[in-house]
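Notes for the one structure printed next.
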Amino acid sequence: MADSILQTENLTKEFRGFTAVDSVNLTIERGSIHALIGPNGAGKTTVFNLLTHFLPVTRGAIRFNGTEITGMKPAQISRLGIVRSFQISAVFPHMSALENVRVALQRKEGRIFQFWQSERGLSRYNARAEELLDMVGLSSFSKALVADMPYGRKRALEIATTLALEPELMLLDEPTQGMGREDVERTTALIKQVSAGRTILMVEHNLSVVSALCDRITVLQRGAVLTEGDYATVSADPRVKEAYMGKAA
Amino acid sequence: MTNRNILIVLALAALMVAPFVVYPIFLMKILCFALFAAAFNLILGYGGLLSFGHAAYFGGAAYICGHALKVWGLPTELGILVGGLAAGAFGAVVGLLAIRRQGIYFAMITLALAQMAFFFFISADFTGGENGLQGVPRGYALGLFDLSNNITLYYFVLAICLGGFLIVVRAVHSPFGQVLRALRDNEDRAISLGYDVERVKLLAFVLSATLSGIAGATKTVVFQLASLTDVNWHMSGEVVLMTLLGGVGTLLGPVLGAGVVVALQNTLASGPLSAWVPVIMGTIFVICVLAFRRGIVGEINALIKRSF
Ligand SMILES: Nc1ncnc2c1ncn2[C@@H]1O[C@H](COP(=O)(O)OP(=O)(O)OP(=O)(O)O)[C@@H](O)[C@H]1O
Ligand SMILES: [Mg+2]
């Protein structure tokens, strides 16, 4: 079997008797772009919450690069190299775009607890932060207060901030949700670009984005894996059509 | 920028001449409470955590500093430092127990532990019980300047409180302050970027407790007294009021709030309304919470923003 970066074994999450994620076995291949799709409420976001331990796992195991990470703290998982984004845009709204990216760089460099130093010293990260902003097409927004930025730009900023940590595995929860066609195209190209040298697991409702980007697709339905394969296989599966495409098409 | 520098120079000049115009003891009381409120604001305004037990750090340090000066005979500076460090150590213990909780649970745990401290101080021998720890010697600054002179003492207290305030300002504008801002803005995102938010909050809490302790210890030197008032839960409420009134999450707000509250208390205490002080303070508190949450400085800032 090919080299896998992340594996789950019977991953299960129950909310007071309701099974949101049901014995999911996922294998994410290193260097691939893997999509997690499924109708609303299928449990996609919950899987993300389990992988990053924002929610405790009810049953099952998660292995990252061969080591079991089940039970670790979310911040610890992030430091191992699994960095997630959120379904609703996750930015620091009262800071500038540059500062948003810098917060990530600061963490990576371990400048966290230095309360006696001047914040002016953080300007040493400006060049790298500008570079990352440039990469996602935000160079003209670097000084802008994030709260005032258009929605699509906030999502791009989120990707720049995540990239600052150089994660091995990026988890993107509906990165194009709520975007206009132009922004969707830009984001798709951006994800393609940043996927070089890393692995991406993404939840995406827009199937043209999925078909353009993803090497492998896992379909979730009511918490369980319905099927898995490449786009051609999955989209030809009548059960998927029934469960998912029937609704989307 | 230059405008700001001019304002800073004017403020410093005013602070230098103030004791010749206004009763120094009154000024020193304001200074100590200003530092206390600024330290408290570090955890409420910048850490987003409502502690309802800050009297324990203020009052605890007041007793410990009083004891250190009176019984151990430590030099004044060292006594104040010991008080501050003790408060910081107690803050670390409280923080470790409380920091995982949010909102009202955090407030309740901090209150409960502060009440335990209160009962300790009420029953411990060295505190003098209801009478308080009296007759604390003021000593000499740097072993040279006699602090029994109120004007000399004023400059000594000013230096400590300004120094403490500058530590708050620096912490807010430091790499750590940047992390605190991010955390207040979006805690989940900060976690997903790999921040141990509990450790970050704990440091803010310990800093806040230590500086609150320095404020309380300095107050002991001024009044030569540490008493149950300093550790009482009323004191925890008072610092919340000062911070809210002046403007939570602003640097100058708590300082201003402390000035207003202390001045009001002093004026009312000697007048016919003295019995009504708690009621008046309570009313101000309610008005603050209901009508202007941003506090004095916050409202002014918003006004300036809107008019440009
Ligand atoms: N914290 C929670 N407590 C209780 N139930 C939850 C919780 N989080 C999610 N659920 C439930 O689990 C199920 C799966 O939710 P989840 O958010 O994972 O779906 P999703 O596939 O991401 O859907 P969408 O496409 O709408 O984002 C839903 O029925 C949801 O109501
Ligand atoms: Mg979702």
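Values quoted throughout were computed directly from the atomic coordinates according to the rules given, and no laboratory measurement underlies them. In this text the structure is predicted, and so the values were computed from the model without any measurement. Here the Cβ is made from the backbone with ideal geometry for all residues, glycine too, and neighbour counts use every protein chain on show.
For A:Lys13, a cut-off of 18 angstrom between C-alpha atoms picks up these lysines, skipping any fewer than 8 places away in its own chain: A:Lys44, A:Lys73.
Seen from every direction in turn and averaged, the convex hull around the alpha carbons of chain A projects onto 14.2 nm². Which residue, A:Thr52, A:Thr27, A:Thr162, tops the fluctuation ranking in a GNM of chain A built on C-alpha contacts under 10 Å? Among A:Thr52, A:Thr27, A:Thr162, the largest mean-square fluctuation in the Gaussian network model of chain A belongs to A:Thr27.
Here B:Thr283 and B:Ala263 are evaluated by their C-beta separation; at R0 = 25 Å the FRET efficiency comes out at 0.90.
If you add up the charges near B:Arg184, with Lys and Arg at +1 and Asp and Glu at -1, over every other residue whose beta carbon is less than 14 angstrom from its beta carbon, what do you get?
That sum, taken over residues with Cβ under 14 Å, equals -1.
Cα centroid separation, region B:177-219 to region B:30-51: 12 Å.
Shown for region B:152-237 is the translational diffusion coefficient from the Stokes-Einstein equation, using the Kirkwood radius over Cα pairs, a temperature of 20 °C and a viscosity of 1.002 mPa s: 143 µm²/s.
Exposed loop sites are taken as trypsin sites (Lys or Arg not before Pro) in a DSSP loop (any state but H, G, I, E or B) with at most 14 other beta carbon atoms within 10 Å; the longest stretch of chain A without one runs A:31-142. Scanning residues 5 or more positions from A:Val21 or on other chains, those with amide H under 5 Å from its amide H are A:Lys13, with H placed 1.01 Å from N in the peptide plane. Local charge for A:Thr233 was computed over the other residues whose Cβ lies under 13 Å away, with Lys and Arg +1 and Asp and Glu -1, and equals -1. Straight-line cross-link partners of B:Lys29 among the aspartates and glutamates, defined as a Cα under 15 Å from its Cα and at least 8 positions apart when in the same chain: B:Asp230, B:Glu238. Neighbours of B:Ala302, meaning other residues whose beta-carbon lies under 14 angstrom from its beta-carbon, give a summed charge of +3 when Lys and Arg score +1 and Asp and Glu score -1.
Largest first and in whole Å, the equivalent-ellipsoid semi-axes of region B:22-232 read 31, 20, 12, each the square root of five times a Cα gyration tensor eigenvalue. Over the whole of A:81-89, what's the average partner chain Cβ count within 10 Å per residue? Rounded to a whole number, please. Neighbouring Cβ atoms belonging to other protein chains average 2 per residue here. Working from label points 7 Å from Cα in the Cα-to-Cβ sense, the A:Asn25 to A:Ser123 distance is 5.7 nm. For the protein assembly as shown, the pair-distance distribution built from all alpha carbon pairs, in bins 10 Å wide starting at 0, is 4, 16, 23, 20, 15, 12, 7, 3, 1, 0 percent.
Working note: Cα gyration tensor of region A:91-165, eigenvalues times five, square-rooted, sorted largest first, giving semi-axes of 21, 12, 11 Å.
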